[in-house]
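*Asks:* Handing you this structure, nothing more for now.
FYI, it's all coordinate maths here, none of it is from the lab. Predicted, not measured: the structure shown is a model, and the values here were computed from it. So basically every Cβ, Gly included, is an ideal-geometry build from the backbone, and we count neighbours across all protein chains shown.
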Amino acid sequence: MNMNIHSQPRFTAYKAILVLAACILSAAFAYSMESETTRRFYLGPGDAPSGWTKVSAETKYDAGTGFGFESTDGLKSVDHGMGFMTADKPFYFSAMLPEGNYRVSVTLGDNDGESDTTVKAELRRLMLSRVTTASGEVVRCEFIVNIRRASISGASAGERKTVALRPRERTEEAWAWDEKLTLEFNGSRPCVSAIEIIPAAQEPTVFLLGDSTVCDQPREPYASWGQMLTVFFTPSIAIANYGESGETYHGALKFGRLGKVLSVARPGDTVLMQYGHNDMKVVDVPTYKANIKKFVEAFREKKVAIVLVTPPHRRTFNKEGRIINSHKDYPDAVREVAREEKLPLIDLLEMTRAFYEAMGVRASGVAFKPGDGTHHNAYGAYELAKCIVEGIRASQLPISKYIIDDLPRFDPAHPDAPGSVKIPPSPTSPGNTPDGS
């Protein structure tokens, strides 16, 4: 599977690797203007090459400098002919940046040993999964990270000027809205030599609007398809996840999430919308359908491509081992809007029925947080993200050209074996049940 990895030849001098990487980037992305928001960090021992900022194992994040590790506990700077930072547990690096899309390049590997690195961004968005290198091998990997603020630019009189954040978004989810881009380096032996962050303002964006099954879940073991979707796309498109636990179409409109996305979306961008779990508790089907159409009208006015997604099934089986539709007529309302407005539809409801029934009543529990029939763990979220990718392909959406090379087609009736999806857990304490169910 192509994971946006570029192999580098072995060099005795690490500075030569940095020069080569910088040359490749400048040739491949000549359209990007250098600016004060371009940041280049050297994580090895010794002096940093010209144009790069030295980061030592003692460099803790400071708002004054605008970069550093969230914690320096356990960090080790190693010199094996080339330098890198490592630790025996996951570690976080942050850089202060304005909101927007950024192309991130990380250089991974060790001259004298193997490495195994997984990279997540912001709130556990999976960017690189288990990148392994042999002794003497160095690779440069790229991905695009979207970061955001709560303020809404260009709001008219009477409109919200900021997103009304929920209490959890100000605490355990604060990294999703702060002034930094934060990277998590995980894996059995992460070896990170360099980090380069370049504005990617010209790249298209896929916006996600949804509830707890879509949003960036902050704590293990919870996960969503939205925070897994990033790993399946090339570094030529950004995934901006504006989902939030407990949210509805009405709430996203009232509390500024729609307004925020509209303020940063550009013609040619795409939005995937999947609400329903919580809407069915507060509005009737006609109101739900009308709310969907309000969003459709707003995005059409901005010339943003719209994709509707039906909500995934809850894990509710009947005695014959078949999924019970706990969403009643709400998914049909989504399908009706798609037909009436001639919009593409990803029928995640039907895909999850096939997924859960294929696994069976008992075994399907391995896709969820234990004791929870709504919220997925990493494996379940990864499989649902594959469903979304397959839906994008099947609908022949323009964004399908950004799906990574060599990704096999996915049939939810024949899911991956749970043991084959190995995403190292983030170092978070178990979280409370997300809002909504």
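*Asks:* Can you spot the aspartates and glutamates whose alpha carbon is less than 13 Å from residue 54's alpha carbon? Ignore those fewer than 8 places along the same chain.
*Replies:* 196
*Asks:* Of the candidates 226, 66, 371, which one comes out as most mobile in a Gaussian network treatment of the chain with C-alpha springs shorter than 10 Å?
*Replies:* Answer for the Gaussian network model of the chain: 371.
*Asks:* Among 84-90, 373-379, what's the highest-first ranking by average C-beta atoms within 10 angstrom per residue?
*Replies:* Per-residue mean Cβ counts within 10 Å order the peptides as 373-379, 84-90.
*Asks:* Once you've got the GNM for the chain with C-alpha springs shorter than 10 Å, pick whichever of 133, 310, 205 has the biggest mean-square fluctuation.
*Replies:* The residue that fluctuates most here is 133.
*Asks:* Below 15 angstrom from the Cβ of residue 340, what's the summed charge of the other residues (Lys, Arg +1; Asp, Glu -1)?
*Replies:* Taking every other residue near residue 340 into account, the sum is +3.
*Asks:* Let me ask something else about it. So if each residue of separation counts as 0.36 nm, and I subtract the Cα-Cα distance between residue 135 and residue 341, what length gain in nm does that give?
*Replies:* Details: separation 206, 0.36 × 206 = 74.16 nm, distance 5.51 nm.
Taking residue 135 through residue 341 to full extension adds about 68.6 nm, to one decimal.
*Asks:* Using alpha carbons only, how many angstrom separate the centre of the range 115-133 from the centre of the range 296-368?
*Replies:* Using only Cα atoms to place each centre, the spacing works out to 29 Å.
*Asks:* Here's something else I'd like to know. Set the bar at 24 Å for Cα to Cα. Now go through 289/401; 289/342; 60/161; 302/386; 161/342; 180/260 and name every pair that lies beyond it. If you can, show how the numbers build up before the last one.
*Replies:* Numbers: 289/401 31 Å; 289/342 15 Å; 60/161 33 Å; 302/386 28 Å; 161/342 32 Å; 180/260 18 Å.
Distance filter (> 24 Å) returns 289/401; 60/161; 302/386; 161/342.
*Asks:* What is the packing order of peptides 317-326, 142-151, 389-398, taking the mean over residues of other C-beta atoms within 10 Å and listing the highest first?
*Replies:* Going by the mean number of other Cβ atoms within 10 Å, highest first, we get 142-151, 389-398, 317-326.
*Asks:* Okay, next question. Mind checking which of 63, 358, 252 has the largest fluctuation in a GNM of the chain, springs on alpha carbons under 10 Å?
*Replies:* 63
*Asks:* I've got another one for you. In whole Å, how far is the Cα centre of the range 249-287 from that of the range 197-248?
*Replies:* The range 249-287 and the range 197-248 have Cα centres spaced 15 Å from each other.
*Asks:* Is it possible to state the helix-based mean residue ellipticity at 222 nm for the chain, with each DSSP H run of 4+ residues giving -39500 (n - 2.57), the sum divided by total residues, to the nearest 500 deg cm²/dmol? What is it?
*Replies:* So the helix-based figure for the chain works out to -6500 deg cm²/dmol.
*Asks:* Another question, if that's okay. Show me, bin by bin at 10 Å from 0, the whole-percent P(r) of the chain based on Cα pairs.
*Replies:* 4, 22, 32, 25, 13, 4, 0
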